Every structure is written in C-alpha cells, then in structure tokens.
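Taken together, the values in this text are just the output of simple stated rules run on the coordinates, not laboratory data. Note that the structure is a prediction, hence the values are computed from the model and not measured. Methodologically, a virtual Cβ is constructed for each residue, glycine included, from the backbone with ideal geometry; neighbour enumeration extends over all protein chains shown.
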Amino acid sequence: MTVAYHTDVSPEAILAGMPSAERPCKIGPGRIPCAHTTPGELLDMLRQLRDEHGFTHLELLTAEEMQTASDDDGVGAEPGVRMVYGLTRRSDRRTMVIYVALPDGALEVPSISSLWRGAAPLEREVFDLFGVHFNGHPALTRIVLRDDFVGHPLRKSFEMPEGGVSAETVRAAAASHGDAHLRADGTADPASIPGLDPALLPCPEPGFETERIVVHMGPQHPSTHGVLHLWLVLDGETVVAAQPTQGYLHRCIEKLAESRDYRACTALLDRCDYVSGFHTELAHVLAVEELCGIESTPKADFLRVLFSELVRITSHHTWFAAAGLDTGALTPFLYAFIDRELILDFFEEVTGGRMMFNYFRPGGVKDDLPPGAAARMVEYLRTFDRAVDEYEALLTGNEIFRARTRGVAFLDRVTIADYCVTGPMARASGVDIDLRRDQPYAAYDRLPVRVALGEAGDTFERYLVRIAEMRESARLALAALEGLPEGPHVSDGVPRTIKPPKGAAYRAVESPRGELGVYLVSDGSAQPWRLKVRSPAMSNIHAAGPLCAGLRLADVAPVVGSIDIVMGEIDR
Amino acid sequence: MSPVLIATLRVLAAVGLMLLNGVVLIYMLRKVLGHLHVRLGPTELGPAGMFQTLADVVKLLTKEDPTPGMVDRVLYFLAPLIVFVPSLAAYAALPFSSSIIAADLDAGLLFTFAILSLVTLGIFAAGWASYNKWSLLGAMRSIAQQVTYEVPLLLAALPPVMIAGSMNLADIVRAQQGSVWFIVPCFPAFLFFLVAGLIEANQTPFDMSEAESELVAGFATEYASMKFGLLFLSEFSNTFVFSALMVTLFFGGWTLPFVPDALLSGVGGAVVFMIKTYLVIAVLMWVRGTLPRVRIDQLLSLGWKVLLPATLVWIVITGLAVKLGPALIGGVS
C-alpha cells in the first residue's frame, strides 16, 4: 500500500470530489468535515479513502439514534439508526466522518471488517446495542450484553420490562438460545468461539490421537487485569489461537449518560477508565465545551495538563505493578503502589477523590489548588526520577525479565493499522502518534511535549516506552506547575444547566492507553442524545489474538499485560 | 525400650518437627517477603504477628472441604497424601548432628533423592485427578521439570560424595570436619545444585507447576481446606529438606570452624544445623522476592543444554582431582 498520498488535499475537497458522498457537512462548530453515503456504496468509499487518500486509521465506529426532526446538519427525518464512521489521516491528523442513515426495517449495512479487522468487535457492539445487522461480519454476536438479552438498549424505543427483566423471560430466552459454547457433556465446544478459525482446532498428528485443549483464561483468573476473558486453544504449552471476549464489566455508562445532564456525565465517565479518570473526564468536557462554545481559562488548561499527566503516572504505576506480577515477580507491585499512593494523596487533597475525581468542568476545573499543594507536588516530582530508577533496577536489567519479554509478541505496523491500535502500544512499534503533540488540547500547545518512541515493537519495547513515558509525564507535570498562570480556575458565565445547541462533537485525548475520544450528540436538551466513548483499550485488546498466537502459555499474561487494559474502559 | 517404640517416637518427632517447621517457615516467609516489599507482614496476632500462621492452620483445619463434581475421587483424596508422606520421610536421613539422625543410612543421599522424587508422582496425581485443565497443565509441567532436573541435581551432589568417599550424609559432614567446607573445592557444583534444587523444590524463579499468574494455582487449583494445607506444607518441607541437603553437602552440616567437635555432637550441633539451614532458606526467600519467573521452555533448555553437560564435566574434573590431586601435591599416591 505504498501510494503517494495527496496530503495537501483537504478532507472537504476529497468529499466534494466523491460522487458517493452526499450532503457534505461539518460536525461541531466547523471542525470535522462529514458526508453521508448509502450502505451499498459504503465499503467502496471507505476503501478508496483508506487506500487512495491515506485515511488509514479507523478512529470511530458507532451509531446513534436518528433525530426525527429534520434540521440543518442534514439529519434525516425517518426514524432509524445512523452509522458513524470516523477516519483519520495520520500524515496531517485530519479527521472526517461518514454517516450512513439506516431507516427502521432496513437496519443493514455491509461489515467493514474486511478493511479493518479491528472493526469487527466495534460492529458487534453496535449490533448488540442498536440491532444493526452487519452483512459479511465474521461472527456477529452480542459483545457486552448477555447472549440471552432481549432488545437493543441504546434504541430510544427500548423499554425495560416492568420491574426489570423477569426470571421467566430470561429462562425462556435461554431455553430457546441454549448455551452455544457447551457440548452435551458440559465441555467447551471450541467450534462455537466467536471469531475463531475452526480450521485451527483439529490437531494434525496422523496416527497419534491428540487433542487441542481449549481453556478459558478469565474472567476469574489471577492475571487477566480485571475481568478479561480469553479463549485459548492450546497445543500442549503452545498457544494456537487466542480470542478475547469482553462484557463482564458492562455498566451501561453510555445508556446512563442519556438520562443525566452534561455535568453529571463527568462523574459517570470517571467510572469508565477508573485507572485514569481524568482523561475520560477531559475528553467529555472538551466535547461539551466545543458544542457550547465555552472557553476554559488558561489556569484551568494548565491544571488539566497537570492532572492528566499525574494520572498517567499512576496509571503506568498500575501497569508496572502488573508487569511484574505477570512475570511472577511480586516486589515491583508494591514498589509502584507505594509511589502511586503519594500521587493519590495529591488527588485527594485537590479533588476529594482518589479514583473518582469529578474535577473537570465545562469552562475549567472544580477547585483551585489548595495553598501549599503546588509546592509539595513540585518537591515530589523533582525526586520522581529516582523512584523510576528503582523500578528499573528491579526489572529492566533483569536477565529473566528480558528473556521473558524481549522478542516476544512483535506488533507490526500492518496489525496496528488493521486493529486501530493507538497509544504506547503503537509508539513502541515506531508509529509516531501522540495527540498531545499532534492535536494539542488543554495547555499542551504551550508545553514542550516529547514523545517516547520505540522501534522494536516487542513486549520489552512496550515496557521501555511506558517507563520513558512515566519520566516524561513527571517532567510535563512539573512544567505545567511551574508555568501555572494566575487567574480564575473556571470561566464565568457557564450556565448552571448546560443545553448545547443541536449538533455533534468529537474530541479525543491521549490517555495512558491511547486515543480516548468522546463523541457527543446533542438534541438541544439538557441531556446528551448520544454519548459514545472511543475506548483505546478495546481496540488494543482485540489485537491480542494475533499477538498471542504461537506464543507459550506463560507468555500470554505478560503480553496481555503489555497491552495495558482497563476493563472498565473496554466494557463501559 | 523396644525398637518399635523407638521407631515410633522417631517418626512422631519427625512429624512434629515438620509441622512446627512449616509453621515457622510460613511466618518467616511472610516477614522476609514483607520487608523486601517495604511492608510489615503480619503484626497483629501475638508478638510481631508470630501466631498468625497458627491461626491460619486452625482456619485451614476448620474450613469446609468441598470436592468438585467431576474429579477422580480416589486419586483426588490420595494425592495430597502421596505428596505429603515422601516429604515427611525425607527428614529421616537428615543428619541434624552426629547423634541426631532418625535413620543413619549408608546411602542417605540416594534415599533422600529417591523419596523426594515421589512427590512429583503426587503432584501429577493431584493435577490429573482435579479435572481441571490448569491443574493438568501444572501437572504436566512438573513431570517435565522432574525429568529434566533429577539428573543434574544428583550429579551436582556427586562431587562432595566423591571427595568424602561416602553417600552417608553424616559421613559427608564428618569429612568436612576440621577441613574446609565443600563449597570451597566444589563451588561450581554448589551453583549447579542451587539452581537444580530451586527447580526441584519448585521455588521462584522456577515455580512452574503452580505459576499463579499463568496457571491460577496449577495442580493445587481445585484443592481447599486441609488437603490444600498438606500440599502447601509439603512444599515448605521440600524447601527445608533441600536447604538442609545443601548445608550438609556444602556448608559442613552441624560443624563450625574453630569450634571443638565435642560441643557440637548433640543438641548444639542440631542448633547450628538449623541456623545454617534457615540462612539458606532466607536466601531462597530473598531470591523469591527479587526475581520474575522463567518460562517453562527456557527452564527445560537450561536443564538439558547447560546444567546436564556442566555437571558432567565438573564430575570428571572432580574425579581427576580426587585421583590425581594427592599425587600431584604429595608426590606419592
């Protein structure tokens, strides 16, 4: 795919020149160009955009309920669902959105998993929550809700049965559905694993009867980082295939958001990525600000950077702790958690919470720093490098750790584009992307952002990149503290109840796991019409399949650990 | 006293020692690991949390003992015993001091190795009977490990035997009495023995068969209550036996340099022996608090490709030195 991209052609011009792109428009206050197309032309159009115009990154794949009242941004009047495809061109970081309107009764669209394999789980989510059928999808099953769930809850017409789902309904659905994964003798039937190639299953060993073992790694397993579930097909100790499944921590955050006002959504989103809550908060707050045209204050911008970076450090602390545990070393865990505790104390002092902050607000932040806090943070951050040196002394030079991670699970650029991988995972393979530098938000345009970049793309490189990021984050946080301007921490005139005008906005931030975006649609009321979180870890974890194939069983935990997942953010 | 009574008393003493030892070792592990982790370990029950392990023993004893539905009931019940009894029997030949040996066997070293290798049988039985794939994988690993490491372990123990000219453990200690400990002439053998022994005792960085970040709890996954307690206890006991063997073979057993042998022939020697053994165990715990775990294929290739040839070469060198050394030094053989 070495096509010379005409990066000087703007997305608007590209869309204008495409016959299949109808009704070009903009979402947000003129930020993102968009166009509509039909299901029949979708696949060709996306392929053309990807291969000829360099829009290789599938940033967003979701759906929203059609707003029935027709209005100027081209929203159709027919009741139904509208598919949303967000594409990004890496070379100049321009984004465009393609809409496909699907009226009720014809909720069908071709699957684009042939273009991006990472689209398959995202399409399953849309199928699960909206009931859109994807033609040609490899395994279209529910992904976050239970298999016997009835209905598609993100449709506005969805109503829970009176008093919730009755036991009879569930039993009846289960009886008609059966447990597809089990054979008659109660053992797992590998042929029914969604998305797994059945050709892998028989063991090609003529004259000697052997069987491949199928094991469930998780959701109850010591090293699945929460409730990840992996189907592993094993040939002895060798992993033949790995297929992640998710949904054990689905808390309906996107559905709940539709019944809360914009400010209250911030508190919900803290619970989304609970290891680095500030980032989900920030993406949401930026999207709300963009929809309403609210400006935050310079001081708030710096405070947002400060807390984003501090929470990145604590998130990487958690990852580092797990990196040790996954390879069987317990001590790094405690080392990292001692330091994490110190930063959590700062969070508690400023925001009142250690995990659930609810601190960023449209227009600024909730509170100013209490007296003396800045000085103490500076003092801590100045000694931070020494703490990282200690972590490195435990693992980086350790022969066993190196033997376990070096050359294990290479992630190449093709797979990265295919699975829409972002964040340190992509940077460790030399893909130079970082929203803090490429698409600066908050005060990142006023601070020297240095991107930690790797090359090899193996588990050890991912480790090194994150370690370097910890040091970088401390440096950035220090710079933000030292450059902290005077002035108010929140802008005046933000209304008590925020009612953005009709429209949509998409804002992404660089979370510790990658590009975390919030796609927000307003219908003019006080509650969001649709709030979608683009989960970087969800895209990243589905790359675990190709990463783990061919490895040893013992490698699975460190490799999954090097993806650095947070199930709360994946399942939402 | 009749010989039967004496034998019974000896067995009871060994059981008592093993249980007490297990309790002490678990407490020690918690404290040592705790301080390595920059935390305190148990502090609440008794002085410095000393009785915490006793409380845990009571807890294990009084817990419900469920048997999973599809296990092989006979084997599932027997497996902890098959693991426990050999680790108990392995205490028999340990020379705590020249007068405190349960069974002063001429082939004591061979006996200890032979009886310890039975433990693997129990571990495999436990993994096979549990009807759990993680358990089975753990069991398979322990067999692979056993096959790989039994030989280098025994070979690494041979140089001291060759120098001492005996397989009797007490004789090996006596051979070090008044001369240097065998760690000095047999230092490479000591290293091989340490590595092979860590693997044999299923200790970090080689705790393959129950690697909890990979295999949940390996062969012990489906065990609860005192059945689990037995598996757990025998692991500590194996660590102790291995450390005691190391003290016997390389660190002069109950002897101390510059201390008259008469002082160390009875209980005094046993105290010295225990202290030395506990020091070795403390080092093992230090290793456990520092290192990650190697991968099973790396472990196996280390065994076959490095340890086995290296121990063989060292045996040849030791043999030549034992035969030719006196001739070279003294001029006469």
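Checking every one of the chymotrypsin sites (Phe, Trp or Tyr not before Pro) in the range A:473-572 against DSSP loop status and a limit of 15 other Cβ atoms within 10 Å picks out no site at all.
Can you give the Rg/Rh ratio of the protein assembly as shown, where Rg is from the C-alpha atoms and Rh is the Kirkwood radius?
On the way: Rg = 32.3 Å, Rh = 30.9 Å.
In the protein assembly as shown, Rg relative to Rh is 1.05.
For chain A, the relative contact order is 16 percent, taking Cα pairs closer than 8 Å that sit 6 or more residues apart in sequence and dividing their mean separation by the residue count. For the listed peptides B:143-154, B:236-247, A:264-275, a ranking on the average number of other beta carbons within 10 Å per residue, highest first, reads B:236-247, A:264-275, B:143-154. Relative to the first principal axis of the alpha-carbon coordinates of chain B, what is the inclination of helix B:133-164, with its axis defined by its Cα atoms, in degrees from 0 to 90 and to the nearest 10? So the inclination is approximately 20 degrees. Projecting the Cα atoms of A:Leu234, A:Pro79, B:Leu45 onto the dipole axis of the protein assembly as shown, where Lys and Arg carry +1 and Asp and Glu carry -1 at the beta carbon, places B:Leu45 farthest toward the positive end. With only the Cα atoms considered, the range A:384-520 has a convex hull volume of 146 Å³ per residue. Listed by Cβ neighbour count within 10 Å, with the fewest neighbours leading, B:Phe124, A:Phe158, A:Phe337 appear as A:Phe158, A:Phe337, B:Phe124. A run of chain B free of exposed loop cleavage sites, with trypsin sites (Lys or Arg not before Pro) counted only in DSSP states other than H, G, I, E and B and at most 16 other beta carbons within 10 Å, reaches its longest extent at B:64-333.
Need one value for A:319-331: mean number of C-beta atoms belonging to other chains within 10 Å of its residues' C-beta atoms. Let's see the in-between values first.
On the way: counts 0, 0, 0, 1, 1, 2, 3, 4, 9, 15, 9, 10, 9.
Average neighbour count from other chains, rounded to a whole number: 5.
Quickly estimate the mean residue ellipticity at 222 nm for the protein assembly as shown, helices only: each DSSP H run with n ≥ 4 gives -39500 (n - 2.57), and the total goes over all residues, rounded to 500. Please list the in-between numbers first.
Details: 32 runs with 439 residues, N = 905.
After summing the helix terms and dividing by residue count, I get -15500 deg cm²/dmol.
Roughly what angle does helix B:308-330 make with the longest principal axis of chain B, taking Cα atoms, 0 to 90 degrees, to the nearest 10? The angle comes out near 20 degrees.
Specify the longest stretch of chain A that does not include any exposed loop site, a site being one of the GluC sites (Glu not before Pro) with a non-H, G, I, E, B DSSP assignment and at most 15 other Cβ atoms within 10 Å. Show your work: numbers first, answer last.
Details: sites that count: A:Glu159, A:Glu162, A:Glu209, A:Glu211, A:Glu295, A:Glu455, A:Glu486.
In short, A:296-454.
Take every Cα-Cα pair in the range A:11-135 and report what % of them are more than 27 Å apart. All intermediate terms of the calculation are to be shown ahead of the outcome.
Working: 901 of 7750 pairs.
Percentage above 27 Å: 12.
A straight line joining the Cα centroids of the range B:109-127 and the range A:412-437 runs 50 Å. Using the Stokes-Einstein relation with a Kirkwood hydrodynamic radius computed over Cα pairs, the translational diffusion coefficient of the range A:253-571 at 20 °C and a viscosity of 1.002 mPa s comes to 108 µm²/s.
Both radii come from the Cα set of the range B:67-322: Rg as radius of gyration, Rh as Kirkwood radius; their ratio Rg/Rh reads 0.99.
Between A:Ala526, A:Val421, A:Thr95, the Cα set farthest toward the positive side of the dipole of the protein assembly as shown (charges on each charged residue's Cβ, about the Cα centre) is that of A:Val421.
Here the relative contact order of the range A:11-135, from alpha carbon pairs under 8 Å that lie six or more residues apart, stands at 23 percent.
Per-residue Cβ neighbour counts within 10 Å put A:Val97, A:Val408, A:Val305, B:Val287 in the sequence B:Val287, A:Val408, A:Val97, A:Val305, beginning with the fewest. For the range A:448-572, the average shadow cast by the Cα convex hull is 11.0 nm², which is a quarter of the hull's surface.
Helix by helix through chain A, keep the DSSP H runs that span 27 Å or more along the axis on Cα and average at least 0.5 on Kyte-Doolittle, and give those back in order. Write down the numbers at each step before the final one.
Details: long enough: A:298-326 (42 Å, 0.28); A:331-351 (30 Å, 0.54); A:459-482 (35 Å, 0.12).
Within chain A the helices that satisfy the rule are A:331-351.
Counting neighbouring beta carbons within 10 Å and listing from fewest to most, the residues B:Phe111, B:Phe219 come out as B:Phe111, B:Phe219. Angle of helix B:52-62 to the longest C-alpha principal axis of chain B, folded into 0 to 90 degrees and rounded to 10: 50°.
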